[in-house]
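Visitor: Got a structure here, written out as structure tokens. Questions coming.
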Amino acid sequence: MSKPKHPRGLADTEAQALVNNLRVSPRKLNLVAGLIRNLPAQQAIATLTFSKRRIAQQVRKALESAIANAENNHQLDVDRLVVTRAEVGRSIVMKRFHARGRGRSARVEKWFSHLKIVVAEREQTPEPANAQEAA
């Protein structure tokens, strides 16, 4: 006897990637995740590639994993993928101490985060034939 199969929580046009225990605080990670929310997948990769934040490279790897999951596991079109959700959550907090003057100590908290990136396939919006007609 095994447990019943867990139903898929995402739509058929969505794929996700999860990263647990990233060594960055959730507040800092949420700044990077906010850069890619609601962007097309290729534009989000370009944004993360040229970001100066240290954690951006790990977020880019997670995004590339979500894109690969969409392509290989769910047969979605890579050119039509959009980052619909980039969720950040708290993980563990390591507590350390820092020696201070006069025999005292101070607490240092080392925060960890969880990251969930969901990409979805969207319809291509038809672009106008001439850029000047749109303006």
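Visitor: Any chance the stretch 86-107 includes a residue that's more than 13 Å from Pro26 (Cβ to Cβ), part of a strand (DSSP E or B), acidic (Asp, Glu) and modelled with pLDDT of 95 or more?
Guide: Residues of the stretch 86-107 more than 13 Å from Pro26 (Cβ to Cβ): 94-107.
Add one more test, that the residue is part of a strand (DSSP E or B), and what stays is 94-99, 105-107.
With the extra rule that they be acidic (Asp, Glu), the set shrinks to none.
No, there is no match, as no residue in the stretch 86-107 is more than 13 Å from Pro26 (Cβ to Cβ), part of a strand (DSSP E or B), acidic (Asp, Glu) and modelled with pLDDT of 95 or more.
Visitor: May I pose another question? What single numbered condition from (1) in contact (Cβ under 8 Å) with a residue 40 or more places away in the chain; (2) closer than 15 Å to Glu121 by Cβ; (3) of a type in the set (Val, Ile, Thr) fails to hold for Ile92?
Guide: With respect to (1) in contact (Cβ under 8 Å) with a residue 40 or more places away in the chain; (2) closer than 15 Å to Glu121 by Cβ; (3) of a type in the set (Val, Ile, Thr), Ile92 is out only on (2).
Visitor: Within the stretch 1-26, take every residue that is free of Cβ contacts under 8 Å to residues at least 12 places away in the same chain and among the basic types (Lys, Arg) and give me the one that is surrounded by the most Cβ atoms within 10 Å (Cβ to Cβ). Can you show your working first?
Guide: Quick first cut of the stretch 1-26, residues free of Cβ contacts under 8 Å to residues at least 12 places away in the same chain only: 1-9.
Narrowing the set further to residues that are among the basic types (Lys, Arg) leaves 3, 5, 8.
Values: Lys3: 5, Lys5: 6, Arg8: 9.
The qualifying residue surrounded by the most Cβ atoms within 10 Å (Cβ to Cβ) is Arg8.
Visitor: Here is a follow-up. If a residue has to be under 9 Å from Ala41 (Cβ atoms), buried (at least 16 other Cβ atoms within 10 Å of the Cβ) and over 14 Å from the mean Cα position of the chain (by Cα) to count, how many in the stretch 57-79 make the cut?
Guide: 1
Visitor: Which residues, taken from the stretch 33-73, are farther than 10 Å from Ile117 by Cβ, in a helix (DSSP H, G or I) and of a type in the set (Ser, Thr, Tyr)?
Guide: Within the stretch 33-73, Thr47, Thr49 meet the criteria.
Visitor: What pairs come out if I take residues in the stretch 108-122 that are in contact (Cβ under 8 Å) with a residue 40 or more places away in the chain and within 13 Å of Ile67 (Cα to Cα) and pair them with residues that are β-branched (Val, Ile, Thr) and in a strand (DSSP E or B) whose C-beta lies under 6 Å away, six or more apart or interchain?
Guide: Pairs found: Val118/Thr84; Val119/Val83; Ala120/Val82; Ala120/Thr84.
Visitor: Among the candidates Arg107, Arg53, Arg100, Arg96, single out the residue that is surrounded by 11 or more Cβ atoms within 10 Å (Cβ to Cβ) and on the phi < 0 side of the Ramachandran plot.
Guide: None of the others qualify; the one that does is Arg53.
Visitor: While we're here: Do we find a residue being among the hydroxyl-bearing types (Ser, Thr, Tyr), free of Cβ contacts under 8 Å to residues at least 40 places away in the same chain and over 14 Å from Arg122 (Cα atoms) anywhere in the stretch 56-76? Step through it out loud before you land on a result.
Guide: Quick first cut of the stretch 56-76, residues among the hydroxyl-bearing types (Ser, Thr, Tyr) only: 65.
Subsequent filtering for residues that are free of Cβ contacts under 8 Å to residues at least 40 places away in the same chain retains none.
Taking every residue of the stretch 56-76 in turn, none turns out to be among the hydroxyl-bearing types (Ser, Thr, Tyr), free of Cβ contacts under 8 Å to residues at least 40 places away in the same chain and over 14 Å from Arg122 (Cα atoms).
Visitor: Quick check on the stretch 1-15. Is at least one of its residues among the basic types (Lys, Arg), part of a helix (DSSP H, G or I) and more than 23 Å from Leu81 (Cβ to Cβ)? Walk me through it before giving the result.
Guide: From the stretch 1-15, those among the basic types (Lys, Arg) are 3, 5, 8; that's our starting set.
Next, from what is left, pick out any that are part of a helix (DSSP H, G or I): none.
Looking through the stretch 1-15, none of the residues is among the basic types (Lys, Arg), part of a helix (DSSP H, G or I) and more than 23 Å from Leu81 (Cβ to Cβ).
The values are calculated or read from the model by the stated rules, or taken from the named source; none is laboratory data. Since this is a predicted model, take the numbers as computed values, not measurements. Note that we place each Cβ from the backbone using ideal geometry, even for glycine, and neighbour counts take in every protein chain shown.
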